[in-house]
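Asks: First the structure, which I've put down as structure tokens, then a few questions once you've had a look.
Every read-out reported here was derived from the displayed coordinates using simple, explicitly stated rules and does not represent laboratory data. It should be emphasised that the depicted structure is a prediction, and the values quoted were computed from it without experimental measurement. Cβ placement follows ideal geometry from the backbone for every residue including glycine, while neighbour counts extend to all protein chains displayed.
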Amino acid sequence: MEGRLLAERAGSVVREQEAVSAALGMDLPDTAAIEALFELGFTRDTLPAIEWAPIVDVAWADGVIDPGERHVVLGAAEEDGLPPQHPAHRRLREWLETRPGPRLQRAWRLWIASVARVEDEATVVDREVWLGSRLREVAAATGGWLGVARTSRDELDAIERIERLVRSARAA
């Protein structure tokens, strides 16, 4: 009797994880990543915004979003194929209006580690290069005097932390 109940619960959990994966439109090996994304309200349409979470983190590193940072983030998102009417672009704008909590960064860390395990090396490296470029672009968007020392220590620390996470995800 007890064994049957455990088997039914296990089957129920698997079906729930499969439903969440389907809702997100992805198949990740890490159920913690799937659950973290789902708990934050990500859907198939808003999921592309997760790649921008560390970029938003750098933009908020000094505690405020400067109009120049906002302009660079949203312009870069459009350049990368997220038009303003896209649900992921709307999610990104929300994060630039109200600083996301640590749950978003946790979800991104779980997501990046999970995708690094299923994507080929070239794709992972391409993402790492893209992310490093976008992080520096946002960090350099404002600040400094006459273009000197435009990136704050807080932004540099955030970039270093994010790049370490990406490298460790790739190495795992």
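Asks: Using Cβ counts within 10 Å as a stand-in for footprinting exposure, how do 125, 138 rank, fewest first?
Replies: The fewest-first ordering by Cβ neighbours comes to 125, 138.
Asks: Using a 10 Å cut-off around each Cβ, can you sort 153, 70 from fewest to most neighbouring Cβ atoms?
Replies: The fewest-first ordering by Cβ neighbours comes to 153, 70.
Asks: Apply the a/c threshold of 1.5 to the C-alpha gyration tensor of the range 44-171 and tell me whether it is rounded, prolate or oblate.
Replies: Working: a/c = 1.66, a/b = 1.24, b/c = 1.34.
Verdict is oblate for the range 44-171.
Asks: At a 10 Å Cβ-Cβ cut-off, how would you order 86, 71, fewest neighbours first?
Replies: Placing the least packed residue first, the sequence is 71, 86.
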